[in-house]
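**Q** I have a structure here, written as structure tokens, and I will follow up with some questions on it.
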Amino acid sequence: MSHTSGARDETPLEDEFEGLVRAHYASLYRFALSLTRSETDASDLTQQTFLIWGSKGHQLRDRSRAKTWLFTTMHREFLRLRRHQVRFPQVELSEVDPELSFVDLERIEILSLDGVLRALAQVEPLYRAALSLFYVEEMSYREMADILGVPIGTVQSRLSRGKAQLRQLLGKGSASPMKDLR
């Protein structure tokens, strides 16, 4: 079958994708706007949701559940992004400039991955587990509490004490470039 005016042939999957976008974009965007309270972030979240559909939507067996899948995916992506923003907040450099410390060139070796891992290996095992789960595995306090079998407050305490030990090992003093371990 030929098309006139040079229109391109679309596969059924492309038709389905475009149909989903037409049918659900506005409601997904409104939901994203209610979650993010920012037009830019809502637009990004909506686009990300459709991107995820593009790569994983084929796994959905019951196509009548596509709308539910899209909304669930959007909510999960929002929560994932929020957790990331909480753990890695963006700040203007001018706001934290006074808090930044000068890094002495002689101490740069200390900041190497090998140096950090060697120092981490010297931290007491009780605190090393919490530090590794938090920094290396990027787990939340809740996940860490479940894995370690302790309350969240205990996790926070172990992280605090572990960071203090790690700062001591890395910097050998308060003027350490690692003094602001988070």
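The values are calculated or read from the model by the stated rules, or taken from the named source; none is laboratory data. Computed from a predicted structure; not experimentally measured. Here Cβ is always computed from backbone atoms with ideal geometry, including for glycine, and neighbour counts include all displayed protein chains. With ligands, DNA and RNA removed, areas are computed over all heavy atoms of the protein, side chains included. Shrake-Rupley method; radii C 1.70, N 1.55, O 1.52, S 1.80 Å.
**Q** What number goes with the only condition from (1) modelled with pLDDT of 90 or more; (2) open to solvent by 90 Å² or more (accessible area, probe 1.4 Å) that T49 does not pass?
**A** Among (1) modelled with pLDDT of 90 or more; (2) open to solvent by 90 Å² or more (accessible area, probe 1.4 Å), T49 violates only (2).
**Q** Please count how many residues of the range 56-78 are open to solvent by 70 Å² or more (accessible area, probe 1.4 Å), part of a helix (DSSP H, G or I) and of a type outside the set (S, T, Y).
**A** The total comes to 8.
**Q** May I ask you to say which residue of V103, V91, V96 is farther than 21 Å from Y25 by Cα, at pLDDT below 80 and touching a helix residue (DSSP H, G or I) at 6+ places or on another chain (Cβ under 8 Å)?
**A** Going through V103, V91, V96 in turn, just one is farther than 21 Å from Y25 by Cα, at pLDDT below 80 and touching a helix residue (DSSP H, G or I) at 6+ places or on another chain (Cβ under 8 Å): V103.
**Q** Could I ask something else about it? List pairs: first in the range 138-167 and at negative phi and free of Cβ contacts under 8 Å to residues at least 12 places away in the same chain, second surrounded by fewer than 14 Cβ atoms within 10 Å (Cβ to Cβ) and of a type in the set (G, A, S), Cβ under 9 Å, 6+ apart or cross-chain?
**A** Matching pairs, first to second residue: A145/G153.
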